[in-house]
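These notes are about the structure you will find just below.
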Amino acid sequence: MSNGTAFLFDLDGTLVDSVYQHVLAWRLALEEVGIDLSVWRIHRRIGMSGGLFINALLRETEMGVTPEQVARIQTAHARAYQALAPQVRPLPGARELLTTLTNGAVPWAIATSGRWDVAGPVLETLNVPEGVPIVTRDQVRHAKPDPDLFLAAAERLGINIESAVVVGDSIWDLLAARRARALGVGLLSGGYGRAELETAGAYRVYEDPADLLLHLDEVGVRSAV
């Protein structure tokens, strides 16, 4: 393979099957401060930065929250998620997709709204090669839907963000991709619907990493054969 395309991947729901573990961890964390929310409400906000996520959820329930409570909720979420993380597995085709890109000399990076202490153990399941940039929430000023994570990943790859393909499973990934002026590709593996992802700006929508692997030519990866 040879081309000028580079890939910037979200992590949760895009490369690893972790969305529902995050949902349950957030529910447990919110319950610690006396906030009871339905799982579906939590799921709709997965992919945003933790602070925005909490504020958005509490706005829907017309509840206020102090900075101290936000910090407590985030700490409780990290603790609850780490207990669930051993259940998390790479999504179908994720390792094969990343290996194919690596073998084809196609640059790629991972940009996640999760902090390193939360994302680190899950990243290990992907066998990420040494030297591949990994940008986490604690490395940028703002997380999704701001474009900072993807801009930082592109900078670390040494590429122009406008030549990058952002792959994500949530509308927040695709909104961030649009704001960064990158091409957005959606995956259904995080629970959002095709129409939602397309409306948010997805150029193409695939089922999961395995499906994307089968259609790499549609997003600019040309085989050398």
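Residues that are under 13 Å from the mean Cα position of the chain (by Cα), within 24 Å of T99 (Cβ to Cβ) and modelled with pLDDT of 95 or more within the stretch 174-207 comprise A177, G184, V185, G186, L187, L188, S189, listed in sequence order. Can you find, within the stretch 92-125, the residue that is farthest from H142 (Cα to Cα) among those that are more than 13 Å from the chain's Cα centre (by Cα) and not in a helix (DSSP H, G or I)? My answer is G104.
When each of W40, W26 is tested for being assigned by TED's automatic domain parsing to the domain that holds A76 and either closer than 18 Å to D117 by Cα or among the hydroxyl-bearing types (S, T, Y) (or both), the lone residue that passes is W26.
Taken over the stretch 126-159, residues that are in contact with an Asp or Glu (Cβ under 7 Å, 6 or more places away or on another chain) and part of a helix (DSSP H, G or I) amount to 0. Checked against the criterion of being more than 18 Å from W108 (Cβ to Cβ), buried (at least 16 other Cβ atoms within 10 Å of the Cβ) and not assigned by TED's automatic domain parsing to the domain that holds A78, the candidates D173, D169, D148, D138 yield just one match: D148. Just to be sure before I move on: is L187 of a type in the set (A, V, I, L, M, F, W, C), over 19 Å from P107 (Cα atoms) and touching a residue at least 60 places away in the same chain (Cβ under 8 Å) in the structure I sent? Taking the combined requirement at face value, the residue satisfies it.
Annotation note: of T112, T75, T125, the sole residue that is among the polar types (S, T, N, Q) and over 18 Å from I54 (Cβ atoms) is T125. Listed by first and then second residue, the pairs linking a residue in the stretch 26-46 that is within 18 Å of R79 (Cβ to Cβ) to a residue that is aliphatic (A, V, I, L, M) and surrounded by fewer than 16 Cβ atoms within 10 Å (Cβ to Cβ), with Cβ atoms under 8 Å apart and 6 or more places separating them unless they lie on different chains, are R27/V39; I35/M63.
The values are calculated or read from the model by the stated rules, or taken from the named source; none is laboratory data. Since the model is a prediction, treat every value here as computed from it, not as a measurement. For neighbour counting, all protein chains shown are included, and Cβ atoms are generated from backbone atoms with ideal geometry for every residue, glycine included.
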